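The values are calculated or read from the model by the stated rules, or taken from the named source; none is laboratory data. Here the structure is a predicted model, which means the values were calculated and not measured. Glycine also receives a Cβ, built like all others from the backbone with ideal geometry; neighbour counts cover every protein chain displayed.
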Amino acid sequence: MLPYERPPLTKDYLGGEKVFERMLICPPGFWEDRRITLLLGRRAEAVDPVGRVLTVSDGTKISYDSLIWAAGGEPRRLGCDGASLAGVHSIRRLADTDRILDGLVDVRRVVVIGGGYVGLEAAATLRKRGKDVAVLEACDRVLARVAGEPVSCFFEKEHRDRGTIVRTGCSVHRLLGKDGRISAVQLENGEVLAADLVLVGIGISPSVEPLAGAGAEMRNGVLVDEYCRTSLPGIYAIGDCAVHRNRFAGGEIIRLESVQNANDQANVAVAHILGQARTYAATPWFWSNQFDLKLQTVGLSVGHDDHVVRGRPEDRSFSVVYLQEGRVIALDCINAARDFVQGRKLVEAGSRPDRAALADAGVELKKLASTDVLEDQATG
């Protein structure tokens with residue numbers, strides 16, 4: 001399978017609005033023209049960091065001077081009874097979505113376990129396809145790991161208004177089946193929800209086992225420095241499997257699961273291999289499409305101690321600005337692209353705008369940007 005974009009798997013492709021060919025990262029001839037060999041359908045099984053040899057699942061051994069580990073992660077699976085029943089799915093690869101689509105015509109009732117980006121995007125898409133959908137989230141609100149309460153409340157209401165059942169603060173006890181296929185989901189409180197299909201979206205586990213086996217330093221993923229180097233000589237790691245110290249997270253070591261992060265880290269790793277001292281300092285940003293809503297996020301809201309809402313959620317176009325000790329650290333923008341673009345400068349500068357002006361949607365954010373820079377940014 002040629003390299004392709006994954007975000008459409010829960011949106012356009014699942015919805016039947018985009019064909020696979022439009023998801024290809026590059027045309028088929030691109031790789032051969034640039035003398036890039038693609039070993040498709042095989043996995044990296046082991047790394048010898050001393051001999052600088054990679055062993056592939058078919059036994060092939062590949063020597064390297066530099067190795068970039070971009071293996072991503074695997075969907076976390078439920079640990080309860082019934083998790084292996086037919087009709088229980090996750091979405092990470094094209095084949096995952098294809099399996100869902102193959103039997104979707106016979107599906108009426110869908111239970112989505114997990115109220116993060118993947119779960120809500122898939123729930124919105126399946127609801128648009130006319131399925132009865134229920135979303136189950138263990139936290140007390142959806143999007144709890146990535147957004148503030150106003151955003152969570154807004155999306156919960158949007159999904160409910162379209163007929164989706166949204167349950168928060170609930171845990172799955174077991175999955176029930178009939179003739180080896182999913183038939184229902186039983187909650188810890190004993191409630192049973194009928195299901196023809198279950199979609200599990202509870203995060204990923206980074207795919208780093210060969211690097212861990214080779215002795216690379218780990219922290220919920222493989223640890224990399226500012227050049228995306230692991231602790232193993234000649235080996236870099238990028239994307240969902242790599243953890244790094246991020247200045248937008250107050251210097252904490254984190255793992256970012258986003259296309260933007262993978263692309264930016266790839267550029268840094270390649271630059272270092274080519275002898276260019278370029279460090280990773282990208283501003284985090286994310287997006288999610290649900291129904292006719294576009295959520296765009298810039299910065300990291302983790303650790304905020306205040307927030308300001310710009311605009312009216314009932315108008316379905318507004319932004320939430322997150323503050324920490326008065327400084328802007330992140331924005332969630334719903335159908336508010338201008339705030340997303342202009343708010344980036346506030347995040348990067350660590351600006352301290354007037355709170356009343358910040359809350360006034362009639363005041364453009366670019367007029368509130370200041371030139372003061374976070375101390376840790378100034379010191380690198």
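One table, with the values for the structure above:
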{"item": "Checklist (1) surrounded by 16 or more Cβ atoms within 10 Å (Cβ to Cβ); (2) free of Cβ contacts under 8 Å to residues at least 24 places away in the same chain applied to residue 39, failing item", "result": "(1)"}
{"item": "Members of the stretch 164-190 that are assigned to a loop (DSSP other than H, G, I, E, B) and over 19 Å from residue 140 (Cβ atoms)", "result": "179, 180, 190"}
{"item": "Candidate set: the stretch 191-215, residues that are part of a loop (DSSP other than H, G, I, E, B) and in contact with a helix residue (DSSP H, G or I) (Cβ under 9 Å, 6 or more places away or on another chain); chosen: the one surrounded by the fewest Cβ atoms within 10 Å (Cβ to Cβ)", "result": "203"}
{"item": "Members of the stretch 88-122 that are assigned to a helix (DSSP H, G or I) and touching a Lys or Arg at 6+ places or on another chain (Cβ under 6 Å)", "result": "121"}
{"item": "Matching residues in the stretch 123-141 - criterion: being aliphatic (A, V, I, L, M) and in a loop (DSSP other than H, G, I, E, B)", "result": "138"}
{"item": "Test for residue 232: is it aliphatic (A, V, I, L, M), modelled with pLDDT of 95 or more, more than 16 Å from residue 68 (Cβ to Cβ) and surrounded by 17 or more Cβ atoms within 10 Å (Cβ to Cβ)", "result": "no"}
{"item": "Of residues in the stretch 168-190 being crowded, with 18+ Cβ neighbours inside 10 Å and among the aliphatic types (A, V, I, L, M), the one farthest from residue 230 (Cα to Cα)", "result": "184"}
{"item": "Subset of the stretch 82-96 that is closer than 16 Å to residue 123 by Cα and charged (D, E, K, R) - its residue that is nearest to the chain's Cα centre (by Cα)", "result": "92"}
{"item": "The stretch 287-311 residues that are outside any strand (DSSP E or B), paired with ones that are among the aromatic types (Phe, Trp, Tyr) (beta carbon under 7 Å, 6 or more apart)", "result": "300/248; 301/322; 304/322"}
{"item": "Cβ pairs under 6 Å, 6+ apart, first in the stretch 105-125 and touching a residue at least 60 places away in the same chain (Cβ under 8 Å) and of a type in the set (Ser, Thr, Tyr), second surrounded by 24 or more Cβ atoms within 10 Å (Cβ to Cβ) and in a loop (DSSP other than H, G, I, E, B)", "result": "125/14"}
{"item": "Search result, residues across the stretch 208-237 that are hydroxyl-bearing (Ser, Thr, Tyr) and free of Cβ contacts under 8 Å to residues at least 24 places away in the same chain", "result": "231"}
{"item": "Meets criteria (at pLDDT 95 or above, under 30 Å from residue 164 (Cα atoms) and either surrounded by fewer than 21 Cβ atoms within 10 Å (Cβ to Cβ) or outside the structural domain of residue 133 (by TED's automatic domain parsing) (or both)) for residue 271", "result": "no"}
{"item": "Subset of the stretch 97-126 [over 18 Å from the mean Cα position of the chain (by Cα) and surrounded by 20 or more Cβ atoms within 10 Å (Cβ to Cβ)]", "result": "100, 110, 111, 126"}
{"item": "Residue within the stretch 142-161 that is in contact with a helix residue (DSSP H, G or I) (Cβ under 8 Å, 6 or more places away or on another chain), part of a strand (DSSP E or B), closer than 30 Å to residue 241 by Cα and at pLDDT 95 or above present", "result": "no"}
